[in-house]
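Undergrad: Quick one: the structure is below, questions incoming.
Coordinate-derived values only; no laboratory data. All values derive from a computational prediction rather than experimental measurement. Heads up, the Cβs are rebuilt from the backbone with ideal geometry, glycines too, and the neighbour counts pull from every protein chain shown.
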């Protein structure tokens, strides 16, 4: 195990493996899928009543139980930029980044599997991959869960299932989230309808970075709300059944937009490209907005496919996030400086001769 | 519980109308019907219907292809209405809770209500008199027996292959719904239901009486 409290950006720029790749089933709309399990270790109180010594010991226990090679980051010793970097890459939650006391993150070299120790529960185990392939994620996650449970007994109750610090996770303690890019539904103001519909079906729709975040750049996460009274299989199957209907809705809307309102679409796309080529300052929201339009245009063939790959575009979304920018600059930057650097990076990439 | 849309399959998905944070009606439907119902909700040219309207519309479509038992369904819905009324008075009870304290970790029920987090696994037992109601409120089901995995379950038993078959059929069902072949979808749904019933009752299609012959 490598203990990394100084993260190198190079650690994160590998082309393979990560959820950014833009491959897998339905990857035109489904950016990534993620499954997360909450686990607590027998013989310890939950976080609310844990001492720092107990937390430290737990981190140690986890680091010994993890099979194979993992990178370990102790959040207390990590810089604020590194903490945000991990959030931006969906490797840890905001809660873990901003929490206090001994707490750590572990992840594999491909960033597919990650484990948080001392978040809301003792352990949060997650698997994330590009595209819509929950079965594959689930298989990988079960393997990890089984191997961990052999080293550390998890709190389990025959009637209630896995016991968690918050009763919203009791049962399977499983959350399945699918990250979707829904530009057409956003453009046509149908997101509210999607929100209310999935809410009626006991699913949640949230912004890009989870609970409490607003949607940015037409990206949304849909996940299951209930974890009790259904099996993991049933939860996965429900998401597998319902997500394709949302996808069909988005695709239908794209088709209708291109057929009936082509000038509106062209206008939005051209404005996005013009801004990306010319702007001297771009904040995150505006960047997300414009790159979202470029992504849409690329997929619908409005921009020649050879000018940019979805893979590169997905990567740009992440590289232009605040912590990633600062990591590239090698120092902390003010908000204005970040906006300038972000605009510069995008201007270089989108200059007239490379994308048209 | 039976699906309140087709009245055939085991219902697993809740669909509810929410008005200013209050749940005004609940229907419980099966996975097969869920795709019909969500399709009704996500109709690009119509305003969003209520959950009840969407279930009714899904039902009408199923009825047309003969995949729903309308008469039996009425009774189910009526009993559900009464259930709705009963579950409304959760809030009043929370005011008269005496101070419960978890002996294992010292967390009080009041503290749990305030921070929304339990102190230790034993809190579930210590606060048992309220826990089921809280869990039902959150998850929409009364806890009976955990239907999911337990620690160490690798899922390599003989049922795994049946589950894979069910998976395969559900994928086919989804694509049948997507391509609007509702009749085929309903057929597949019935087939899946049958397999699931067999799986959950632990009944295997072969090997009956093997135990006794081995003993003799």
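Undergrad: Relative to the longest principal Cα axis of chain A, at what angle does helix A:310-319 sit, 0 to 90 degrees, rounded to 10?
TA: With both axes taken from Cα atoms, the answer is about 70 degrees.
Undergrad: Rounded if a/c is under 1.5, else prolate if a/b beats b/c, else oblate: with a ≥ b ≥ c from the C-alpha gyration tensor eigenvalues square-rooted, which is segment A:73-164?
TA: Oblate, since a/c reaches 1.5 and b/c is not below a/b.
Undergrad: Is segment A:180-331 best put as rounded, prolate or oblate by its Cα gyration tensor, with a ≥ b ≥ c the root eigenvalues, rounded for a/c under 1.5, and otherwise prolate when a/b is larger than b/c, oblate when not?
TA: The shape class here is oblate.
Undergrad: Please work out how much length the chain gains when fully extended from residue B:137 to residue B:167, using 0.36 nm per residue of separation minus the C-alpha to C-alpha distance, in nm with one decimal.
TA: Working it through step by step, the gained length comes to 7.8 nm.
Undergrad: So, in nm, how far is label residue A:151 from label residue A:261 when the simple model puts each one 7 Å beyond its Cα toward the Cβ?
TA: 5.3 nm
Undergrad: Further question on the same structure: Could you work out [θ]222 nm for chain A from helices alone, using -39500 (n - 2.57) per DSSP H run of at least four and dividing by all its residues? Round to the nearest 500 deg cm²/dmol. Don't skip to the answer; put the middle values down first.
TA: Values: 12 runs with 157 residues, N = 356.
Only helices count here, giving -14000 deg cm²/dmol.
Undergrad: By how many degrees, 0 to 90 and rounded to 10, does the Cα axis of helix A:262-278 deviate from the longest principal axis of chain A?
TA: 80 degrees
Undergrad: Quote the FRET efficiency, to the nearest 0.05, computed for residue A:251 versus residue A:23 with a Förster distance R0 of 25 Å and r equal to the Cβ-Cβ distance. List each step's numbers first, then the result.
TA: Values: r = 19 Å, r/R0 = 0.75.
Result of the calculation: an efficiency of 0.85.
Undergrad: Right, another one. For the residues A:239, B:138, what sequence is obtained by ranking on other C-beta atoms within 10 Å, fewest first? Please report the intermediate quantities before stating the final value.
TA: Working: A:239 21, B:138 18.
Fewest-to-most Cβ neighbours within 10 Å comes out as B:138, A:239.
Undergrad: With an 8 Å Cα cut-off and a minimum separation of 6 or more residues, compute the relative contact order for segment A:156-279 in percent.
TA: Relative contact order for segment A:156-279 comes out at 26 percent.
Undergrad: Using Cα atoms only, what is the angle between the long axis of helix A:232-260 and the major principal axis of chain A, expressed in degrees (0 to 90) to the nearest 10?
TA: On a 0 to 90 degree scale, this one is about 10.
Undergrad: Could you grab the relative contact order for chain A? Cα pairs under 8 Å, six or more apart, rounded to a whole percent. Spell out each step's value before the answer.
TA: Working: 600 pairs, mean separation 66.5, N = 356.
It rounds to 19 percent for chain A.
Undergrad: Only counting other Cβ atoms within 10 Å, I'd like A:312, B:31, B:129 sorted with the fewest neighbours first.
TA: Ordered from fewest to most neighbouring Cβ atoms within 10 Å, A:312, B:31, B:129 come out as B:129, A:312, B:31.
Undergrad: Okay, moving on. Based only on other Cβ atoms within 10 Å, what is the fewest-to-most ordering of A:290, B:130?
TA: Fewest to most other Cβ atoms nearby, the residues stand as B:130, A:290.
Undergrad: So between residue A:159 and residue A:94, what do we pick up on full extension, going 0.36 nm a residue minus the alpha carbon distance?
TA: Fully extending the segment from residue A:159 to residue A:94 adds 20.2 nm.
Undergrad: Relative to the present Cα-Cα distance, how much length would full extension add between residue B:178 and residue B:22 at 0.36 nm per residue of separation?
TA: Details: separation 156, 0.36 × 156 = 56.16 nm, distance 3.24 nm.
Length difference between fully extended and current span is 52.9 nm.
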